[in-house]
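First up is the structure itself, then whatever we jot down about it.
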Amino acid sequence: MVTPFSKYFFSRVVTKGSLVSSKEQMTIKNDQYYITKVLEGDTNAFAVLVDRYKDLIFTLALRMIKNREEAEEVSQDTFIKVYKKLSKFKGDSKFSTWIYKVTYNTCLDKLKKLKRTQNTVAIDEYTAHQVKTFDNALEALETAERKETIRDCISLLPSEDGFLLTLYYFEEQSLEEIAKVVNLKPNNVKVKLFRSRKKLTTILRTRLDPEVIESYEMSHEK
């Protein structure tokens, strides 16, 4: 069903890109200000929230769905759900955490419909120390190169692993925040993240310069 909002969203935000200039972004107010404006009937205010989160929402959807066109559909569905449920946001968590949770659940619904076979990555018996060594080796890379390396490797992981690590590496979400997104206890998220990082380490070993890895392994042997 095409609603007035979906027409607005698809024609002005998704298809034409950002409605907010760089200068306006520099002075952008907090999320709650725009949430209040939307709830007061200012539909245009929602464009600011979309512009702020659309890139990451698409990235998270792509990590889960593994298909650009379907990830775009999930992103659109997510923002429509957020718009319709905005009055239910009570502010007991960050708005970003709430919108990531909507994204995650929308992705799960999509995956159930697709019934797509997930790719798998064997978990080598890396210790916590070895996983940390790879994190340190990543830190040695220039920021842009580091992000590209992680992004490329995360794309090869199973859906949930990719979703969790995107929040972990790119949004630096805390265990408590991620737990709210995926509806688990922080300790369970900690275990899942470690398993996901072990899978990522397995892939990174084939991508990182062996000399970089070796230098960090040697310097952290003691």
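Select from region 47-85 the residues that are in contact with a Phe, Trp or Tyr (Cβ under 8 Å, 6 or more places away or on another chain) and of a type in the set (S, T, N, Q) and write down the one among them that is farthest from CYS153 (Cα to Cα).
Selected residue: GLN76.
Here is a check on your reading of the model: is TYR104 touching a helix residue (DSSP H, G or I) at 6+ places or on another chain (Cβ under 6 Å) and at pLDDT below 90? Quick ask: steps written out before the conclusion?
On the way: touching a helix residue (DSSP H, G or I) at 6+ places or on another chain (Cβ under 6 Å): yes; at pLDDT below 90: no.
Considered against the rule, which asks whether it is touching a helix residue (DSSP H, G or I) at 6+ places or on another chain (Cβ under 6 Å) and at pLDDT below 90, TYR104 comes out as no.
Restricting region 59-97 to residues that are under 16 Å from LYS180 (Cβ atoms) and touching a residue at least 40 places away in the same chain (Cβ under 8 Å), which is surrounded by the most Cβ atoms within 10 Å (Cβ to Cβ)?
LEU60
Being of a type in the set (A, V, I, L, M) and modelled with pLDDT under 85 narrows it down to one of ALA179, ALA140, so name that one. First the steps, then the outcome.
Numbers: ALA179 fails: modelled with pLDDT under 85.
Result: ALA140 is the single residue among ALA179, ALA140 that is of a type in the set (A, V, I, L, M) and modelled with pLDDT under 85.
Is it fair to say PHE163 is surrounded by fewer than 18 Cβ atoms within 10 Å (Cβ to Cβ) and part of a helix (DSSP H, G or I)? Give the derivation first.
Working: surrounded by fewer than 18 Cβ atoms within 10 Å (Cβ to Cβ): no; part of a helix (DSSP H, G or I): yes.
For PHE163, the condition - surrounded by fewer than 18 Cβ atoms within 10 Å (Cβ to Cβ) and part of a helix (DSSP H, G or I) - is not met.
For VAL13, are the conditions met, namely being among the aliphatic types (A, V, I, L, M), assigned by TED's automatic domain parsing to the domain that holds SER93, outside any helix (DSSP H, G or I) and at pLDDT below 90?
Working: among the aliphatic types (A, V, I, L, M): yes; assigned by TED's automatic domain parsing to the domain that holds SER93: yes; outside any helix (DSSP H, G or I): no; at pLDDT below 90: yes.
No, not satisfied.
Kindly indicate whether any position in region 29-49 is modelled with pLDDT of 90 or more and within 30 Å of LEU204 (Cα to Cα).
no
Cβ-Cβ under 8 Å, sequence separation 6+ or interchain: first residue in region 34-58 and under 15 Å from LYS81 (Cα atoms) and assigned by TED's automatic domain parsing to the domain that holds SER87, partner in a helix (DSSP H, G or I) and among the small types (Gly, Ala, Ser). Which pairs?
Final answer for the pair search is VAL38/ALA45; LEU39/SER87; TYR53/SER96; LYS54/SER75; ILE57/SER75; PHE58/ALA71; PHE58/SER75.
Keeping to region 33-84, report how many residues are of a type in the set (S, T, N, Q) and over 20 Å from the mean Cα position of the chain (by Cα). Full working, then the answer.
Of all residues in region 33-84, those of a type in the set (S, T, N, Q) come to 36, 43-44, 59, 67, 75-76, 78.
In the following step, the residues that additionally are over 20 Å from the mean Cα position of the chain (by Cα) were identified as 36, 43-44.
Within region 33-84, residues that are of a type in the set (S, T, N, Q) and over 20 Å from the mean Cα position of the chain (by Cα) number 3.
Give me a count of the residues in region 151-200 that are polar (S, T, N, Q), out of contact with any helix residue (DSSP H, G or I) (no Cβ under 6 Å at 6 or more places or on another chain) and under 26 Å from ASN67 (Cβ atoms).
As a first pass, look at region 151-200 and keep what is polar (S, T, N, Q): 155, 159, 166, 173-174, 183, 187-188, 196.
Applying the additional criterion that residues be out of contact with any helix residue (DSSP H, G or I) (no Cβ under 6 Å at 6 or more places or on another chain) yields 155, 174, 183, 187-188.
Now restrict to residues that are under 26 Å from ASN67 (Cβ atoms): 155, 183.
So the answer is 2.
The values are calculated or read from the model by the stated rules, or taken from the named source; none is laboratory data. The structure presented is a predicted model; accordingly, all values stated were derived computationally and were not measured. Glycine also receives a Cβ, built like all others from the backbone with ideal geometry; neighbour counts cover every protein chain displayed.
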